[in-house]
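Visitor: Following this message is one structure expressed as structure tokens.
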């Protein structure tokens, strides 16, 4: 095992800041790697469109590492929602990697980076397995070590021929200090939600596999006096979801700054994790950031009964429902709201369990794996 501090080049294809959750996760991991003694530099593409704020300020991250931007086109800022333009922007950044020799370990969440980066060692963090796997598994073979967010991913990689000792499982995490607050239900007034009613909340994007439509459809079966809130989504994704599902009792609210999430989750009456069972990214691979935020909020959780979610939650910490079943979801929400003592007990146990899943502990698990 190596004793000297690691030098890490965290390389990402994403623009920073971004309104996607992975931007925060990347910044947080760089901060925590540095807090455990690693020398960290974050490399991202040059981008001019999007959020202009300094990433450290935007994410409230300590500047314990540096950020370097590598040359890349920024055509997506002019031609929104074009897959071709998106691919060209990515390709120019990847070509920049070919002319840059890293003198430190490259750590990345992007298998494309693992294919192009020139470094003494590459570590690939995996959040899903793409449908077209040839290039993905070439990247896996180039990586010296792998980090996965679920046991489901580890098992899939082993079935694909990857040696188990190459892989460490490190689920996503939460910053518990953000939940050391006393929230007020009055925050809901600014969103047009009645704080005197029971509030059922989902936070996150509205991609199909995340199951937001299951909750939106379940809302019509809930009793009067219940407000259903789905908070998240941007651009076309948000507009289409709002057009389809928004009503007097279903509040569809766009993306909110991450700093707001502790206040809204802690002041809700029920938090819903409605992942679909249909794609494997949902049923077996995912480790949702919102799951750990829900646990830290200390509010009752209703979740899809899926292998990926059962890796973290148990019968003692959540109320399950069959995935993709809006009727069953409505029944379980009604059950939770009608049994406050039982619901509080499970929520309290979930909050106790979430202490295992801090960003600091995640960074430590990964660094031990990298040094072994």
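Visitor: Restricting to segment 234-255, give me the number of residues that are within 19 Å of residue 268 (Cα to Cα) and touching a helix residue (DSSP H, G or I) at 6+ places or on another chain (Cβ under 7 Å).
Guide: Qualifying residue count for the region: 6.
Visitor: Any residue in segment 169-190 that is at positive phi and in contact (Cβ under 8 Å) with a residue 40 or more places away in the chain?
Guide: As a first pass, look at segment 169-190 and keep what is at positive phi: none.
Within segment 169-190, not a single residue is at positive phi and in contact (Cβ under 8 Å) with a residue 40 or more places away in the chain.
Visitor: Within segment 87-123, restricting attention to residues that are under 23 Å from the mean Cα position of the chain (by Cα) and without any contact (Cβ under 8 Å) to a residue 40 or more places away in the chain, which residue is nearest to residue 6 (Cα to Cα)?
Guide: Only one residue tops the list, namely 122.
Visitor: Quick one: in segment 235-248, which of the residues that are surrounded by 15 or more Cβ atoms within 10 Å (Cβ to Cβ) and under 18 Å from residue 201 (Cα atoms) is farthest from the chain's Cα centre (by Cα)?
Guide: Start the filter on segment 235-248 by keeping residues that are surrounded by 15 or more Cβ atoms within 10 Å (Cβ to Cβ), which leaves 237-238, 241-242, 245.
Now drop any that are not under 18 Å from residue 201 (Cα atoms), which leaves 238, 241-242, 245.
On the way: 238: 18, 241: 20, 242: 22, 245: 24 Å.
The extreme case among them is 245.
Visitor: If you don't mind, there's one more thing I want to ask. Can you tell me how many residues in segment 266-284 are touching a strand residue (DSSP E or B) at 6+ places or on another chain (Cβ under 9 Å) and surrounded by fewer than 22 Cβ atoms within 10 Å (Cβ to Cβ)? Spell out how you get there, then give the answer.
Guide: Start the filter on segment 266-284 by keeping residues that are touching a strand residue (DSSP E or B) at 6+ places or on another chain (Cβ under 9 Å), which leaves 267-277, 282-283.
Then keep just the ones that are surrounded by fewer than 22 Cβ atoms within 10 Å (Cβ to Cβ); that gives 267, 269, 276-277, 283.
Number of matching residues: 5.
Visitor: For segment 188-220, enumerate the residues that are surrounded by fewer than 22 Cβ atoms within 10 Å (Cβ to Cβ) and assigned to a strand (DSSP E or B).
Guide: 198 - this is the single residue of segment 188-220 that is surrounded by fewer than 22 Cβ atoms within 10 Å (Cβ to Cβ) and assigned to a strand (DSSP E or B).
Visitor: Among the candidates 276, 282, 287, which residue alone is within 24 Å of residue 167 (Cα to Cα), modelled with pLDDT of 95 or more and in contact with a helix residue (DSSP H, G or I) (Cβ under 6 Å, 6 or more places away or on another chain)?
Guide: Details: 276 fails: within 24 Å of residue 167 (Cα to Cα); 287 fails: in contact with a helix residue (DSSP H, G or I) (Cβ under 6 Å, 6 or more places away or on another chain).
Sole residue among the options that is within 24 Å of residue 167 (Cα to Cα), modelled with pLDDT of 95 or more and in contact with a helix residue (DSSP H, G or I) (Cβ under 6 Å, 6 or more places away or on another chain): 282.
Visitor: Residues of segment 4-49 being assigned to a loop (DSSP other than H, G, I, E, B) and under 17 Å from residue 121 (Cα atoms), which ones?
Guide: Taking segment 4-49 first, the residues assigned to a loop (DSSP other than H, G, I, E, B) are 4-6, 12-20, 36-38, 46-49.
Those that are assigned to a loop (DSSP other than H, G, I, E, B) and under 17 Å from residue 121 (Cα atoms): 4, 5, 6, 12, 38.
Visitor: I'm trying to understand the selection: among the residues of segment 50-67, which are loosely packed, with under 12 Cβ neighbours inside 10 Å and modelled with pLDDT of 95 or more?
Guide: Within segment 50-67, just 57 meets the criteria.
Visitor: What are the residues in segment 344-372 that are more than 25 Å from the chain's Cα centre (by Cα) and part of a helix (DSSP H, G or I), if any? It would help to see each step written out before you state the result.
Guide: Here is the first cut: in segment 344-372, the residues more than 25 Å from the chain's Cα centre (by Cα) are 344-345, 371-372.
Scanning segment 344-372 gives 344, 345, 371.
The values are calculated or read from the model by the stated rules, or taken from the named source; none is laboratory data. These numbers were taken from a predicted model, which means no experiment stands behind them. Glycine also receives a Cβ, built like all others from the backbone with ideal geometry; neighbour counts cover every protein chain displayed.
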